[in-house]
C-alpha cells in the first residue's frame, strides 16, 4: 500500500479527519495502524476519519474506547479500535488478549500505540501526530 505524503501539516481538525478518511478509503485488506501523540494531539480525530473512510456513516457515533478499551465495527472491513491510554503496564496489556484480535483479518487501529509491545508492531503503519499549536498538526506516516 502506498501511504499519502509521509510528512503532512494539517491546519484544522477537519483536515486531519479528511487525511485519515482518505487513508481509510485506500485500505483494501488487513492493516495495523498505530497512532502516537500527546494527549489532545488529534489521535481520536484521526481514528474517526479512518473508520469513516472504511464505511462508517457518522463520526459522532464513534466513541473513543478510552473506557471500553476496544470497540469493534463491521464495515467494508472489520475494524478494531483500541485505546491503550488507561493501561498501566504489561499485565494490563495481557488482560486484553490482543493475540486473538491481531490474528484476525481486520483493520486494527491502536491509540497510544507506544504502550503496545514491539511483537505486535511488525508491518504496521505508524502515524505520529504532533501538536504545533492552535489547530495545526504535523502528521508523520511510516511503514514499520
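The values are calculated or read from the model by the stated rules, or taken from the named source; none is laboratory data. Since we're looking at a predicted model, the values are computed, not measured. In this analysis, Cβ positions are derived from the backbone assuming ideal geometry, glycine residues included, and neighbour counts consider all displayed protein chains.
Quick notes on this one:
- Scoring residue 122 on the criteria (1) buried (at least 17 other Cβ atoms within 10 Å of the Cβ); (2) under 19 Å from residue 6 (Cα atoms); (3) without any contact (Cβ under 8 Å) to a residue 60 or more places away in the chain; (4) more than 13 Å from the chain's Cα centre (by Cα) leaves a single failure, condition (1).
- Across segment 28-39, the number of residues qualifying as outside any strand (DSSP E or B) and under 16 Å from residue 110 (Cα atoms) comes to 4.
- One residue alone among 94, 86 is modelled with pLDDT under 95, exposed (fewer than 15 other Cβ atoms within 10 Å of the Cβ) and closer than 20 Å to residue 48 by Cβ, and that residue is 86.
- Among residues of segment 40-71 being free of Cβ contacts under 8 Å to residues at least 24 places away in the same chain and outside any loop (DSSP other than H, G, I, E, B), the one that is surrounded by the fewest Cβ atoms within 10 Å (Cβ to Cβ) is 60.
- Test: residue in segment 106-119 that is touching a strand residue (DSSP E or B) at 6+ places or on another chain (Cβ under 8 Å), surrounded by fewer than 10 Cβ atoms within 10 Å (Cβ to Cβ) and either more than 24 Å from residue 63 (Cβ to Cβ) or at pLDDT 95 or above (or both): no
- Residue 35 vs. criteria modelled with pLDDT of 95 or more, more than 13 Å from residue 24 (Cα to Cα) and surrounded by 19 or more Cβ atoms within 10 Å (Cβ to Cβ): yes
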